[in-house]
Amino acid sequence: MSTPLALIVDDEPDIRELLELTLGRMNIDTRAAADISAARALLENETFDLCLTDMRLPDGDGLQLVEFIQQQQPDLPVAVITAHGNMETAIQALKAGAFDFVSKPVDLTVLRNLVNSALKLASFPERDRRSRDTLLGDSAVMQTIRHTIAKLARSQAPVYISGESGTGKELVARLIHAKGPRSEHRFVPVNCGAIPSELMESEFFGHRKGSFTGATSDKEGLFQAANGGTLFLDEVAELPLSMQVKLLRAIQEKAVRPVGEQKESPVDVRILSATHKNLAGLVEEGAFRQDLFYRINVIELKVPSLRQRREDIPQLAEHILAGLSPGDADIHLNPETLHTLQRYAFPGNVRELENILERALTLCDGQEIQPADLALPQATDVNETTGGSELAATPPEGVALEDYLENIERQAILKALEQTGNNKTAAAKQLGITFRAMRYRLKKLGLE
């Protein structure tokens, strides 16, 4: 196996020497440049496996070099060296395509972890490895999602996965982990809404024996458990503000301090997060810290609702039934049943589809599932003659009331917009609300 080659770009001789010595001890050859011009010349003449660049250079900044490499050699991982505490610059670099960042003064443990992860990328070329066994669908939006997952897997940038309940946000997070260089380490999912607030710090960062009543032994936290791998913060909007501050520090410093411990310990963790709530709206309301929002939302990946990819329903249904059917039973949907499913709104998305089909298997006689076997809840049915409406008394099984009501609201607004030729003022009047209320609801429901 050939010796890896790294490009080091920094105008400070002492930093260049430190980086060259550290990488040399890792059996990595290096080339050094003091500015962007010299770096470009080296990039044109040699093939590198990694680039480390300072942000402040005599003839420009590191962002320019990141963008140049993204255009010319997109498979080359670039890590930027930023001034201590300058997270805004680090986030800019990650958005521009940098693989990761390290702050000055350079922590050599953090640097070695970064370099090892970057060099593993050669084993994970960016391509759309069709995750058909886990992320099904041939719709254009799902093809785009799979391609984006393959690209994000090569980065260490924090990713915020947004989408309605039941769309498969955790599945997307697991695929980002599985397709990247951290796949040999743990993927640690945590439901932020399920941890009691008084235990949250101990759960995330661990504790030392005797640090509080009941701490009878040392305990490893979630960050330590995910060291080298990925920490998935599901329902991150549920974190109390006091914990948001501590989480922000852990992410920025790449270090945690267990309860009862005097010093911080470095951790190498990639952060993925998700929620079905409008996180930007919570920031505006003061319920979620803006600085933490920008830190975890470096890249946003929106997972589409099932309504946005109805053409995938036959394939999803076939896959779900194959997993649910006993033995080799060939239980299938007849065409009318499939048509019924494709017209349904699915407020609970893929999770609700799974629940519906599991119930249908129990109710059906023979090998063919009939429309009645689906036992779908009464959909919102606007009576065009009387102007009345008939709603289901309760949400379908597995669907939260908040999501169910949001879906009813969404369907009513979409219908009003359709009937008024997308005239928001007329649609608002038809719904009996003000134009301002209409704009608020459009934004809240992601319909702008």
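The values are calculated or read from the model by the stated rules, or taken from the named source; none is laboratory data. Every value quoted in this text rests on a predicted model; they were computed, and no experiment measured them. Please note: Cβ atoms are built from the backbone with ideal geometry, for glycine as well, and neighbour counts cover all protein chains shown. The area values use the complete protein model at the heavy-atom level, side chains included, leaving out ligands, DNA and RNA. Shrake-Rupley method; radii C 1.70, N 1.55, O 1.52, S 1.80 Å.
Can you tell me the 0 to 90 degree angle between the C-alpha axis of helix 169-178 and the longest principal axis of the chain, rounded to 10? The angle comes out near 30 degrees.
Please work out the FRET efficiency for the pair Gln370 and Gln64, using the Cβ-Cβ distance as r and a Förster radius of 60 Å; give the result to the nearest 0.05. Please list the in-between numbers first.
Working: r = 63 Å, r/R0 = 1.05.
Calculated transfer efficiency: 0.45.
Seen through its C-alpha gyration tensor, with square-root eigenvalues sorted a ≥ b ≥ c, the stretch 1-56 comes out oblate because a/c lies at 1.5 or above while a/b is not bigger than b/c.
Considering just Cα atoms, how many Å³ per residue does the convex hull of the stretch 211-270 enclose?
Values: hull volume 6.4 nm³, N = 60.
Measuring per residue, one finds 106 Å³ for the Cα hull of the stretch 211-270.
Backbone amide hydrogens, once placed in the peptide plane, bring Val256 within less than 5 Å of Ser265, Val267, excluding anything fewer than 5 places away on its chain. In the stretch 135-270, the DSSP beta bridges split such that about 30 percent are antiparallel, to the nearest 5. Put a plus charge on the Cβ of each Lys and Arg, a minus charge on the Cβ of each Asp and Glu, and nothing anywhere else: the dipole of the stretch 188-280 about its Cα centre is then about 200 debye. Dipole magnitude for the stretch 32-116: computed about the Cα centre from +1 point charges on Lys and Arg Cβ and -1 point charges on Asp and Glu Cβ, it is near 200 debye. Within the chain, antiparallel bridges make up roughly 15 percent of the DSSP beta bridges whose residues both belong there. Placing unit charges on the Cβ atoms only, positive for Lys and Arg and negative for Asp and Glu, gives the chain a dipole magnitude near 620 debye about its Cα centre.
By the rule of a C-alpha distance below 18 Å, with chain neighbours fewer than 8 residues away ignored, the lysines paired with Lys277 are Lys169, Lys302, Lys443, Lys444. For the chain, the fraction of 1.4 Å probe accessible surface lying on carbon and sulfur atoms is 47 percent. Computed from the C-beta positions of Lys209 and Asn116 and an R0 of 35 Å, the FRET efficiency is 0.65 to the nearest 0.05. Of the listed residues Arg249, Arg343, the order by accessible area with a 1.4 Å probe, largest first, is Arg343, Arg249. Ranking Ser2, Ala79, Leu175 by Cα position along the charge dipole of the chain, where only Lys, Arg, Asp and Glu carry charges on their C-beta atoms, puts Ala79 farthest toward the positive end. For the chain, the longest principal axis of the alpha carbon atoms and the long axis of helix 313-324 meet at an angle near 90°.
Beyond 32 Å between alpha-carbons counts as too far, so tell me which of Lys151/Lys254; Lys151/Lys219; Lys209/Lys254 fall in that bin. Lys151/Lys219, as the Cα separations exceed 32 Å there. Ligands, DNA and RNA excluded, the heavy atoms of Ile408 present near 30 Å² of accessible surface to a 1.4 Å solvent probe. As a calculated quantity, the FRET efficiency between Arg310 and Lys444 at R0 = 25 Å, using C-beta atoms, amounts to about 0.60.
Once you have the Cα-Cα distance between Gln430 and Thr134, take 0.36 nm times their residue separation minus that, and quote the gain in nm to one decimal.
Values: separation 296, 0.36 × 296 = 106.56 nm, distance 4.24 nm.
102.3 nm is the gain from fully extending Gln430 to Thr134.
Starting from 0.36 nm per residue, how many nanometres of slack lie between His147 and Ser197 once their C-alpha separation is accounted for?
Values: separation 50, 0.36 × 50 = 18.00 nm, distance 3.76 nm.
Here the answer is 14.2 nm.
Any idea what angle helix 108-120 forms with the longest principal axis of the chain, computed on alpha-carbon atoms, 0 to 90 degrees, nearest 10? Value to nearest ten degrees: 60.
Positive end of the dipole of the stretch 222-360 (Cβ unit charges, origin at the Cα centre): among His319, Ala255, Ser273, the Cα lying farthest that way belongs to Ala255. Taking the convex hull of the alpha carbon positions in the chain and averaging its projected area over all directions gives 27.8 nm². The residues of the chain expose on average 49 square angstrom of accessible surface per residue, using a 1.4 Å probe on protein heavy atoms.
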